[in-house]
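Undergrad: Quick one: this structure, given as structure tokens, is what I'll be asking you about.
The values are calculated or read from the model by the stated rules, or taken from the named source; none is laboratory data. What you see is a predicted model, and the numbers here were worked out from it, not measured in a lab. Positions of Cβ are backbone-derived with ideal geometry, glycine not excepted, and every protein chain shown enters the neighbour counts.
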Amino acid sequence: MKRVLTAVISAAFLAVGCGETKPAETASPASAAPATAPASSPSTTNPAATPGSPPPMRNFAALKIGPYDVQPMFEEEISNGHFNIGVKGGDVKAVRMWVGPEDASGVMVVKTEPEFNYNHGHVEVPNPIPTDAKLWIEIESPTGELHKGSTPLQQAP
């Protein structure tokens, strides 16, 4: 009986360890905080990604949020919700985003993670996407000030 219980517990630990893994981060939080948009043409970024480079992305309309210049981007299809936010203009404490009303009622707000030279997050996108849908972005400065803006969920021309 002990052997069966040990085997079951071992299998459970192995199953918990399966799944998507993240590489260990070696950058300090201070060096990871600023995020900038990748160099890009007006509507497409990195059309042919190579291993270890950012995936292919398309741009939403750029915007100014508080003191920050912001370039929202998406991977694959807008409906997949894989959004990347390039931020220039200073350090940031956090970048959050959501699709829905400005007050974020009834939706999940996602705190992004630094990735390459932008912030990345996975947002729930309604299906079908309403024509007036917007991606809302909230940037928290190192001093705790909140700056908010939005862009339509349409690829930039």
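Undergrad: Every residue in region 104-150 that is modelled with pLDDT under 95, of a type in the set (S, T, N, Q) and under 18 Å from Gly86 (Cβ atoms), please.
TA: Asn117
Undergrad: Okay, next question. Out of Thr131, Thr112, Thr151, I need the residue that is surrounded by fewer than 20 Cβ atoms within 10 Å (Cβ to Cβ), without any contact (Cβ under 8 Å) to a residue 40 or more places away in the chain and on the phi < 0 side of the Ramachandran plot. Which one?
TA: Among Thr131, Thr112, Thr151, only Thr131 is surrounded by fewer than 20 Cβ atoms within 10 Å (Cβ to Cβ), without any contact (Cβ under 8 Å) to a residue 40 or more places away in the chain and on the phi < 0 side of the Ramachandran plot.
Undergrad: Filter region 83-99 for residues that are surrounded by fewer than 20 Cβ atoms within 10 Å (Cβ to Cβ) and over 13 Å from Lys111 (Cα atoms) and give the result.
TA: Scanning region 83-99 gives Lys88, Gly89, Gly90, Asp91.
Undergrad: Just the residues that are of a type in the set (Gly, Ala, Ser) and over 17 Å from Phe60 (Cα atoms), please, taken from region 98-157.
TA: Ala104, Ser105, Gly106, Ser141, Gly144
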